[in-house]
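The next block holds one structure in the form of structure tokens; read it before the comments.
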Amino acid sequence: MATGGNTLHNAGSGTGGGTSIATFDSAQLVPRAGHYSHIATHRGVAYISGQLPLAPDGTRLADEPFEVQARQVLDNLDACLVTAGSSRERLISVTVHVTGISNWPLFDQLYRAWLGPVRPTRAVVGAKELHYGSAVEVHAIAALD
């Protein structure tokens, strides 16, 4: 796993036992601005934080057309999957937040082309607003094994 930064901590079960949770940041993405990690892994599963339309150099794409934002979000998701040691084919669940449900058909078209025949579970959530004025944000869960 190529990472920008990682942490390993023990998640205790309250009975003295525990399992490791690893957190990672993708070196391919802009450094995170908040108190979170791009990726957390636990027991063969990668949990990927919400990806906004931010270019790797940190450029905010909120003023770009929806299609440009959606493509960047999917590129960012790819970067996280690679960092975690997973891939699109290993996606289990994807949640998409959009500020305009009218953009859903375009996102679905881009998503279908990006994902191919793989069909993880998916939820679409309408949001009044997203960080930086973005029109789309995606977070995902993927298998590692």
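Taking the chain as a Gaussian network, Cα atoms linked when under 10 Å apart, which of Gly85, Gly133, Gly44 shows the biggest mean-square fluctuation?
In the Gaussian network model the winner is Gly44.
Could you sort Asp25, Asp63, Asp57, Asp75 by accessible area so the largest value comes first, with the probe set to 1.4 Å? Present the calculation step by step, with values, prior to reporting the outcome.
On the way: Asp25 25, Asp63 155, Asp57 120, Asp75 85 Å².
My answer, sorted largest first, is Asp63, Asp57, Asp75, Asp25.
For Arg119 and Asp78, calculate 0.36 nm times their separation in residues minus their Cα-Cα distance, and state this gained length in nm to one decimal.
On the way: separation 41, 0.36 × 41 = 14.76 nm, distance 1.57 nm.
Length gained between Arg119 and Asp78: 13.2 nm.
Using a 1.4 angstrom probe on heavy atoms only, work out the carbon and sulfur share of the accessible area of the chain in %.
Details: 3980 of 7770 Å².
Of all accessible area on the chain, carbon and sulfur atoms account for 51 percent.
List the trypsin sites (Lys or Arg not before Pro) within segment 74-145 that DSSP assigns to loop and that have no more than 12 neighbouring Cβ atoms inside 10 Å. It would help to have the intermediate numbers written out before the result.
Details: sites: Arg88, Arg90, Arg112, Arg122, Lys128; in loops: Lys128.
Taking segment 74-145 and a limit of 12 other Cβ atoms within 10 Å, the loop trypsin sites (Lys or Arg not before Pro) found are Lys128.
Quickly work out the Thr95-to-His35 label distance, labels modelled 7 Å from Cα along the C-beta direction, and quote it in nm with one decimal.
Inter-label distance under the simple model: 2.0 nm.
Roughly what % of DSSP beta bridges within the chain run antiparallel, to the nearest 5? Working shown, then result.
Values: 28 of 34 bridges.
About 80 percent, rounded to the nearest 5.
Give me the percent relative contact order of the chain, please, defined on Cα pairs under 8 angstrom at least 6 residues apart.
27 percent
If you count only protein heavy atoms with a 1.4 Å probe, what accessible area per residue comes out for the chain, rounded to a whole Å²? Please report the intermediate quantities before stating the final value.
Working: 7770 Å² over 145 residues.
On a per-residue basis, 54 Å².
How big is the dipole moment of segment 71-145 about its Cα centre under a simple scheme where the beta carbon of each Lys and Arg is +1, that of each Asp and Glu is -1, and everything else is neutral? Debye, nearest 20, please. Kindly include the intermediate steps, with their values, before the conclusion.
Values: 7 positive and 7 negative charges, 36 e Å.
Computed charge dipole of segment 71-145: roughly 180 debye.
Which value in nm describes the separation of the simple spin-label points at Trp104 and Ser87, placed 7 Å from the Cα toward the beta carbon?
3.1 nm
Between Arg43 and Val68, what is the FRET efficiency for a Förster distance of 35 Å, r being their Cβ-Cβ separation, to the nearest 0.05?
Numbers: r = 36 Å, r/R0 = 1.03.
Efficiency at R0 = 35 Å is approximately 0.45.
Give or take rounding to whole Å, what are the principal axis extents of the alpha carbon atoms in the chain, in descending order?
Answer, in whole Å and largest first: 50, 32, 27 Å.
Evaluate the distance, in nm, between pseudo-label points positioned 7 Å from the Cα of Tyr132 and of Gln28 along their respective Cα→Cβ axes.
Simple spin-label model gives 1.7 nm for this pair.
The values are calculated or read from the model by the stated rules, or taken from the named source; none is laboratory data. Given the structure is predicted, the values throughout are model-derived calculations rather than measurements. Note: ideal-geometry Cβ built from the backbone for every residue, glycine included; neighbour counts use all protein chains shown. Ligands, DNA and RNA are stripped out before the accessible areas are found, and what is left, the full protein with its side chains, is counted by its heavy atoms. Shrake-Rupley method; radii C 1.70, N 1.55, O 1.52, S 1.80 Å.
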